[in-house]
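A short worksheet on the structure shown next.
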Amino acid sequence: MNTDYIFLNPAPMPYLTDCDYKKFEPNEYHISRIVDFFVLIFILRGSLHFIEDDVSVSVQEGEWYIQRKNLLQDADRPSPGAEYYYFHFKADYTQDLLHRIKLPICGTFSAPLLLPSLKKLCSLFHQAPQNPFDIQSEFLRLSNTLYEQESAYTFLTSSVMHFLTEHASESVTAQTLTEQFHYSAAYINRRLKAEIGVTAHTYLTITRLQKASRLLVLTERPIQEIAQDCGYSDPSLFYKAFTQYNGQNPSQYRKEHRFRN
């Protein structure tokens, strides 16, 4: 099974809206639908066959899969005897490279290890009265298990992201990264591009400008001081980069967003 990813907004966090156990009849097909929620599926026995966004998908025993919202799901063949747990959850996609949940859409699991958690979550959801805190906490624990199991970022990429965030106020060059991580800058950029979609320079720029945006709104500090604190020794370069990123210059951004937070 090829692994792809979805990028979700962590605020608000994904939250469970429905769940249950399902077993297909001998000639039963996956339903044809378009829904506004994600569906997390754990196959216990058999195989579940469906078409998603014109792509044929088969999820086998011991595999999990996230059906994405707002895509047409259909089927061209039945899934006889497929048994699985499903979990509907609400979440929003995000384009934010710094604050997001990178979650694989598929993977494998050990039924003996995970089945108690699946049963517990369904039991909590269907009991009366419900305890929403217990339900969502258990769902987030389940989601975190998948997140950690699949290692959403490699060690190198995670390390570079952490380093760039910690040193955003300093001068960071390609040579800095080479000396720090003992890989060529070209290799580091290839890994980041493959995993987060941007180079180290772009990630550093976004980190700096998002920090500047927060400081403009939350403090009274002079713009030039904020620019220096965010790694820009030249105020004109800061103004240009900030305006290009936010569509407003720093003064306009501060004035418009000051009382929204």
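Near residue 197, once Lys and Arg are set to +1 and Asp and Glu to -1 for all other residues with Cβ below 14 Å from its Cβ, the sum equals +2.
Here residue 119 is the anchor, and the lysines within straight C-alpha reach of less than 17 Å, apart from those fewer than 8 places off in the same chain, are 22, 23.
Heavy-atom surface analysis with a 1.4 Å probe gives the chain a carbon and sulfur content of 52 percent of its accessible area. Counting only alpha carbon atoms, the long axis of helix 111-126 and the longest principal axis of the chain meet at about 90°.
To the nearest 20 debye, what is the magnitude of the charge dipole of the range 96-255 about its Cα centre, counting +1 on the Cβ of each Lys and Arg and -1 on the Cβ of each Asp and Glu?
Around 360 debye, computed over the range 96-255.
The ellipsoid equivalent to the alpha-carbon distribution of the range 140-261 has semi-axes of 29, 20, 12 angstrom, derived from the gyration tensor eigenvalues as √(5λ) and listed largest first. Highest average first, the peptides 69-78, 230-239 ordered by how many other beta carbon atoms sit within 10 Å of their residues are 230-239, 69-78.
With only Cα atoms counted, the range 1-91 has Rg and Dmax values of 13.0, 42 Å. The distance from the alpha carbon centre of the range 166-193 to that of the range 33-106 is 36 Å, rounded to a whole number. Projecting the Cα positions of 95, 236, 160 onto the charge dipole of the chain (unit charges on Cβ atoms of Lys, Arg, Asp and Glu, taken about the Cα centre) puts 236 furthest along the positive direction.
Using the alpha carbon gyration tensor of the chain, what are the three equivalent-ellipsoid semi-axes (square root of 5 times each eigenvalue), largest first, in whole Å? Before the final figure, lay out the partial values.
Numbers: eigenvalues 363, 94, 57 Å².
Taking √(5λ) for each eigenvalue gives 43, 22, 17 Å, largest first.
Given the Cα atoms of the range 213-254, and with Rh set as the inverse mean 1/r over their pairs in the Kirkwood sense, what is Rg to Rh to two decimals? Using only Cα positions, Rg/Rh for the range 213-254 is 0.91.
Per residue, the accessible area of the chain comes to 54 Å², computed with a 1.4 Å probe over protein heavy atoms only.
The values are calculated or read from the model by the stated rules, or taken from the named source; none is laboratory data. Everything numeric here is computed off the predicted structure, so don't read it as measured data. Quick reminder, even Gly has a Cβ in these numbers, built from the backbone with ideal geometry, and neighbours come from all protein chains shown. Please note that ligands, DNA and RNA were not included when accessible areas were found on the heavy atoms of the full protein model with its side chains. Shrake-Rupley method; radii C 1.70, N 1.55, O 1.52, S 1.80 Å.
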